[in-house]
1. Out of the residues in the stretch 1-42 meeting the condition of being part of a loop (DSSP other than H, G, I, E, B) and acidic (Asp, Glu), tell me which one is farthest from Val169 (Cα to Cα).
2. Residues in the stretch 171-184: is at least one under 15 Å from the mean Cα position of the chain (by Cα), open to solvent by 20 Å² or more (accessible area, probe 1.4 Å) and not basic (Lys, Arg)?
3. Considering only residues that are surrounded by 13 or more Cβ atoms within 10 Å (Cβ to Cβ) and out of contact with any Ser or Thr (no Cβ under 6 Å at 6 or more places or on another chain), look in the stretch 141-152 and name the one that is nearest to Trp99 (Cα to Cα).
4. If I ask for residues that are among the acidic types (Asp, Glu) and either buried (at least 21 other Cβ atoms within 10 Å of the Cβ) or assigned to a loop (DSSP other than H, G, I, E, B) (or both), which ones from the stretch 73-95 would you list?
5. Tell me the residue from Tyr98, Tyr45 that is in a strand (DSSP E or B), open to solvent by less than 80 Å² (accessible area, probe 1.4 Å) and of a type in the set (Ser, Thr, Tyr), please.
6. For the structure I just gave you, tell me whether Ala70 is open to solvent by less than 10 Å² (accessible area, probe 1.4 Å), touching a His at 6+ places or on another chain (Cβ under 8 Å) and not in a helix (DSSP H, G or I).
7. Would you be able to tell me the number of residues in the stretch 153-170 that are open to solvent by 50 Å² or more (accessible area, probe 1.4 Å) and under 25 Å from Phe120 (Cα atoms)?
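The values are calculated or read from the model by the stated rules, or taken from the named source; none is laboratory data. Since the structure is predicted, the reported quantities are computational estimates derived from the model, not experimental observations. Cβ placement follows ideal geometry from the backbone for every residue including glycine, while neighbour counts extend to all protein chains displayed. Each accessible area value is taken on the protein alone, full model and side chains, heavy atoms only, with ligands, DNA and RNA left out. Shrake-Rupley method; radii C 1.70, N 1.55, O 1.52, S 1.80 Å.
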Amino acid sequence: MQPFPTLQTNRLELRKVELNDVPSLIQYANNKKIADQIFNISYPYQEEDAIFRINFVWQGFKHKERYVFAITYKEQQELIGEIGLHLDKANDSAQFGYWIGEPFWGQGIATEATAAILKFGFEVLKLNKIYATHYPENPASGKVMQNNQMIKEAELIEHYKIDGVYRSVHQYRLTKSEYKALHA
């Protein structure tokens, strides 16, 4: 099996999620504001959740179904969030998602990490389309997608049923040709 890739940006390193990330994962993911916006993060978020998550991430990489990166500042190496691609191999596409620990909000981290994951998806994995969704109540997430010149392609009304409540999402995309045009 090939080693897990590491991606670099000006300020960030996106690397493999490791067992020693459990304390940071618990510290930052154990936040109702994050759990309310991310499908697979529960609240409260405890040690067994973090260990289950790391195994889920590792298995996804092993089977080439997903690449989930720990987001860290280069100089500190502490996990401050995650970003990942969930692959649809049959369609050469992927959905990406991310979360950032609340103390790090508003610093452009998600925008910078998204740029790196788009580059990785199109240039390394050779995907044809990358898309992401966000809840309408979370316009900051939409701004991250807009900052990366993603195109809003849909408003999916009452698309997900979560805890008995139907939730709508906005969906953004980039195709390979759109990405190439932006980086020509």
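1. Kept after step one, since they are part of a loop (DSSP other than H, G, I, E, B), are these residues of the stretch 1-42: 1-6, 9-11, 17-18, 30-31, 36-42.
Next, only the ones that are acidic (Asp, Glu) stay: 18, 36.
Working: Glu18: 31, Asp36: 13 Å.
Here the residue is Glu18.
2. Yes, there is a match, as at least one residue in the stretch 171-184 is under 15 Å from the mean Cα position of the chain (by Cα), open to solvent by 20 Å² or more (accessible area, probe 1.4 Å) and not basic (Lys, Arg).
3. At the first step, the residues of the stretch 141-152 found to be surrounded by 13 or more Cβ atoms within 10 Å (Cβ to Cβ) are 141-151.
Keeping just the survivors that are out of contact with any Ser or Thr (no Cβ under 6 Å at 6 or more places or on another chain) gives 141-143, 145-146, 149-151.
Details: Ser141: 9, Gly142: 13, Lys143: 14, Met145: 13, Gln146: 16, Gln149: 19, Met150: 18, Ile151: 20 Å.
Residue satisfying both the conditions and the ranking: Ser141.
4. Kept after step one, since they are among the acidic types (Asp, Glu), are these residues of the stretch 73-95: 75, 78, 82, 88, 92.
If the condition is that a residue be among the acidic types (Asp, Glu) and either buried (at least 21 other Cβ atoms within 10 Å of the Cβ) or assigned to a loop (DSSP other than H, G, I, E, B) (or both), then Glu75, Glu78, Glu82, Asp92 are the ones that fit.
5. On the way: Tyr45 fails: in a strand (DSSP E or B).
Matching residue, one of Tyr98, Tyr45: Tyr98.
6. Numbers: open to solvent by less than 10 Å² (accessible area, probe 1.4 Å): yes; touching a His at 6+ places or on another chain (Cβ under 8 Å): no; not in a helix (DSSP H, G or I): yes.
Spelling it out, it is not the case that Ala70 is open to solvent by less than 10 Å² (accessible area, probe 1.4 Å), touching a His at 6+ places or on another chain (Cβ under 8 Å) and not in a helix (DSSP H, G or I).
7. 1
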